[in-house]
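Novice: Dumping the structure here so I can ask a few things about it.
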Amino acid sequence: MLLVILLIGHMIADYFLQTSDMAESKKNNVSVLLAHSGMYFLTFIIIDFLFFELWFAVCTTA
């Protein structure tokens, strides 16, 4: 179950939230790479809160 949830989060962050310009630019621009990493972080925080209890979501991100 955890693997499926992580794969869903990866698909959301990489295929739905990332633009094609961002995919190309993150190779050469650190700020775009950090923005993409931030999107991953927020996506997985939201998934933690949706699928797991509050204490588990807080403990896994700390």
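Read-outs: derived from the displayed coordinates by stated rules, not from any lab. Not measured: the values here are computed from a predicted model. Virtual Cβ from ideal backbone geometry, glycine too; neighbours counted across all protein chains shown.
Novice: Gain in length, LEU2 to MET22, computed as 0.36 nm per residue apart minus the alpha-carbon separation, to one decimal in nm?
Specialist: Full-extension gain reported as 4.4 nm.
Novice: Please give the net charge around ALA13, taking every other residue with its beta carbon less than 15 angstrom from that of ALA13, where Lys and Arg add +1 and Asp and Glu add -1. Show your work: numbers first, answer last.
Specialist: Values: positive: LYS26; negative: ASP14, ASP48.
Here the count lands on -1.
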